[in-house]
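Structure, as structure tokens:
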Amino acid sequence: MSFDTAFMLSTLPAFLKAVGVTLQVGLLAIFTSLLVAVANAAILVFRTPYLWRLVKGYVELARNTPLLIQLFFVYFALPSLGVKISGFGAAIITMTFMGGAYLTEVLRAGVEAVPRAQLESGRSIGLSEGQLLRHVILPQASILSLPALFATFVFLLKETTVVSAVAVPEILYTTKNYIALYYKTYEMLAVLTLLCVLIFLPLSLLLRYLERRLQHGQYGV
Amino acid sequence: MSALIEFQGFNKFFGEQQVLEQIDLQVQAGEVVVILGPSGCGKSTLLRCLNGLEQAHSGSLRLDGKELLAPGTDWRQVRQRVGMVFQSYHLFGHMSVLDNLLLGPLKVQKRERGEAQAQAEALLARVGLLDKRDVFPRQLSGGQQQRIAIVRSLCMNPEVMLFDEVTAALDPEMVKEVLQVIQGLAREGMTLLIVTHEMAFARAVADRIVFMEAGRILEQNPPERFFTQPQSARAQQFLEKFSFVESLPKTLHKELS
Amino acid sequence: MASTGFELLQVSLPQLAAGALQTLSISALGIFFATVGGVLYGVLANLGKRPVNIALQVYLELFRAIPVLVWLYLVFFGLPIFFGLSIPSFWCAVLVLGLWGASEVGEVVRGALRSLPRGQREAGLSIGLSGWQLYGYVLLPQALKRMTPPTINLYTRIIKTSSLAVLIGVVEVIKAGQQIIERTYESVLIYGALLLFFFFVCYPLSAASRVLERRWAHT
């Protein structure tokens, strides 16, 4: 079994581009998910009539079904209803659908983790509900939910590999493509593994560090 | 006659720090030895070494003439002969009182259920807790839990019992009910090693007081002699801190009866 | 196309059911191995042996850093090349789900065991329990309440992730659905049915996990 290093090097530009696509899909989806989540979490926290039930239903549906089928639904089924979407578009829509639900839960849990006494003392000095949210709840909730937020970001970034199934040219799709074209299977698998370790391992380790820090911080300060 | 328990030139380190230094201690069968000393002097560690919860570094520790620090020691065997009771009782929270008592006899000693249960119930009756047989530990007071923990060890039919500050976590009004149980064991002639801060109790129950400081044994004497004429300056200082003991009844025995 | 969706579903039901059975088999086997392996991982991680901990740490980080789908391809393409092993894609999926699940369940078990008071271990040892007896009778039963809700949650993740098996060619429920779509072009109906199928399997589990977590929060 020989390793075709020259071939591996020749694929480098393509893989660099693929890493770019992975990051692009991941970061864009994280951003849009956050927008969805902030709106939904606000609806849940303030119990907006009717809407909060809708949000609850959405969160449960998105969290209890596989990303892959959500993706296939958007990419393959929606066109038959007259909505034509590119692979990239389907990837962003689906990942936002799923990520928005996960992040909604994270933010809601963060707000609920703020002690009730904080709300009461805020009201007792005459803060309006809006001021309460901005000056008391959100600053504490965001710190409390930081590890879970970051964990979900890393999770979403890793989930981008799933969108290779609708031909988005990220790292996994690029690998499969090269394997199909040139049969350089083990070189390509090695590159893929290396890329995953380079991109995701530091994030995973950073996450662990963050979790440990904030866990102790809560007790220490 | 050789001693039942024999520490000789016994050393123990936690990292760099030496917590037991050249311990020489012999305990005869049927003897009640109370170990006194300031916090952190190594007295709890000494008991824990005898139960194999801590490992010694050098020296010799014999039980019934058999060297325990030798490689191949079966600590599970040793622990069946040497029972241990802890400061915070450590009953198994997911089991009823009876299941707590029977776990060792049934699983470790593979005894027959009927016989083991009869013994457990007899011991429960003795400590006045037979009616608590089927409740769970969290429904019991600290004093009740500690009496059950003592029975849990006794159910293994040990030859020696180790008591590691067993009343230190209890509310004052519960201390007596636990000490009474220990005193009963002492009267029966069981070999006991007791670490405690209850001075009056130590004086009443001990055959011998061992005074430790900073990992060393400074003196060993009969209780009357230790409490009235401590030999070392350290022991004198230690006793002065507990001088209120003087105002207590002469022996716990009188108070209890 | 004149036939209604309901009729179509009736006709396709046996095919979907056969696929669903495959999906559930992969999930169930994955959950089984994840649980057994996870408990083993949790216990090993609690022994406090440094080399063991380092090995487990590497194992965990490999499964956290490399996405499950990538693992599926690594095993599916890699096993035949690197080890000359050719195992059916069904078992590739079970293997990956089991190994990945074991690392995640293992972290849960480790955390639950670590949260127990130290004295429970010592009390168990002091009455002469062996290591296995200590974990079997004393430590694991007490960790159970703390580890069950998050473990059930992980089960739903394993079930959802089992859907990726279609990408390495397992003929499970999604593949069955796609075959029906090729015949009938009813993609909305079929993918809708697939979403509902997973929802009805996973939702009760997530709900149960939440209920148990709330009920046991203060015990």
*Tell me, please, whether a residue that is under 14 Å from the mean Cα position of the chain (by Cα) and exposed (fewer than 15 other Cβ atoms within 10 Å of the Cβ) can be found in segment B:76-83.*
no
*asked:* I need a count of the residues in segment A:155-172 that are more than 8 Å from chain C (Cβ to nearest Cβ), crowded, with 20+ Cβ neighbours inside 10 Å and over 11 Å from A:MET95 (Cα atoms).
replied: 4
*Matching residues in segment C:179-213 - criterion: being of a type outside the set (A, V, I, L, M, F, W, C), in contact with a Ser or Thr (Cβ under 9 Å, 6 or more places away or on another chain) and facing another protein chain (nearest Cβ under 9 Å)*: C:TYR185, C:GLU186, C:SER187, C:TYR203, C:SER206
_Positions within segment B:104-136 being of a type in the set (A, V, I, L, M, F, W, C), surrounded by 15 or more Cβ atoms within 10 Å (Cβ to Cβ) and free of Cβ contacts under 8 Å to residues at least 40 places away in the same chain, in sequence order_ = B:LEU106, B:ALA116, B:ALA120, B:LEU123, B:LEU124, B:LEU129, B:VAL135
*Of the residues in segment B:61-96, how many are among the hydrophobic types (A, V, I, L, M, F, W, C) and more than 10 Å from chain C (Cβ to nearest Cβ)?*
5
*Are any of the residues in segment A:33-41 within 13 Å of another protein chain (Cβ to nearest Cβ) and surrounded by 23 or more Cβ atoms within 10 Å (Cβ to Cβ)?*
no
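Here's the yes/no breakdown for (1) in a helix (DSSP H, G or I); (2) of a type in the set (Val, Ile, Thr); (3) more than 24 Å from C:TYR203 (Cβ to Cβ):
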site	(1), (2), (3)
A:SER33	yes, no, no
A:VAL36	yes, yes, no
A:ASN40	yes, no, no
A:ARG53	yes, no, no
A:LEU68	yes, no, no
A:PRO79	yes, no, yes
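Per-residue answers, yes or no, for (1) within 14 Å of chain C (Cβ to nearest Cβ); (2) surrounded by fewer than 21 Cβ atoms within 10 Å (Cβ to Cβ):
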position: A:PRO49; (1), (2): no, yes
position: A:THR65; (1), (2): yes, no
position: A:LEU71; (1), (2): yes, no
position: A:LYS84; (1), (2): yes, yes
position: A:GLY87; (1), (2): no, yes
position: A:ALA91; (1), (2): yes, no
position: A:ARG108; (1), (2): yes, no
*Find all pairs meeting these conditions: Cβ atoms under 7 angstrom apart; at least six residues apart or on different chains; first residue within segment C:85-101 and among the polar types (S, T, N, Q); second residue modelled with pLDDT under 95.*
C:SER86/C:PRO80; C:SER89/C:PHE76; C:SER89/C:ILE168; C:SER89/C:GLY169; C:SER89/C:VAL170
*Is segment C:124-131 home to any residue that is closer than 30 Å to B:ALA149 by Cα, more than 14 Å from chain B (Cβ to nearest Cβ), in contact with a helix residue (DSSP H, G or I) (Cβ under 8 Å, 6 or more places away or on another chain) and crowded, with 24+ Cβ neighbours inside 10 Å?*
no
*Restrict the check to segment A:150-160 and report whether at least one residue is farther than 19 Å from A:PHE200 by Cα and of a type in the set (A, V, I, L, M).*
no
_Looking at segment C:59-109 only, could you name the residues that are under 19 Å from A:VAL163 (Cα atoms), in a helix (DSSP H, G or I) and not hydrophobic (A, V, I, L, M, F, W, C)?_
C:ARG64, C:TYR73
*Hey, among C:LEU56, C:LEU116, C:LEU139, which residue is at pLDDT 95 or above, farther than 26 Å from A:SER164 by Cα and within 14 Å of chain B (Cβ to nearest Cβ)?*
C:LEU139
*Taking A:GLU112, is it surrounded by fewer than 19 Cβ atoms within 10 Å (Cβ to Cβ) and within 30 Å of C:ALA207 (Cβ to Cβ)?*
yes
_Every residue from segment C:148-174 that is closer than 14 Å to C:VAL94 by Cα, facing another protein chain (nearest Cβ under 9 Å) and of a type in the set (Ser, Thr, Tyr)_ = C:THR161, C:SER162, C:SER163
*asked:* If B:LEU69 satisfies all but one of (1) in contact with a Lys or Arg (Cβ under 6 Å, 6 or more places away or on another chain); (2) surrounded by fewer than 20 Cβ atoms within 10 Å (Cβ to Cβ), what's the number of the condition it fails?
replied: (1)
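The values are calculated or read from the model by the stated rules, or taken from the named source; none is laboratory data. A quick note: this is a predicted structure, and the numbers were derived from the prediction, not measured. Here Cβ is always computed from backbone atoms with ideal geometry, including for glycine, and neighbour counts include all displayed protein chains.
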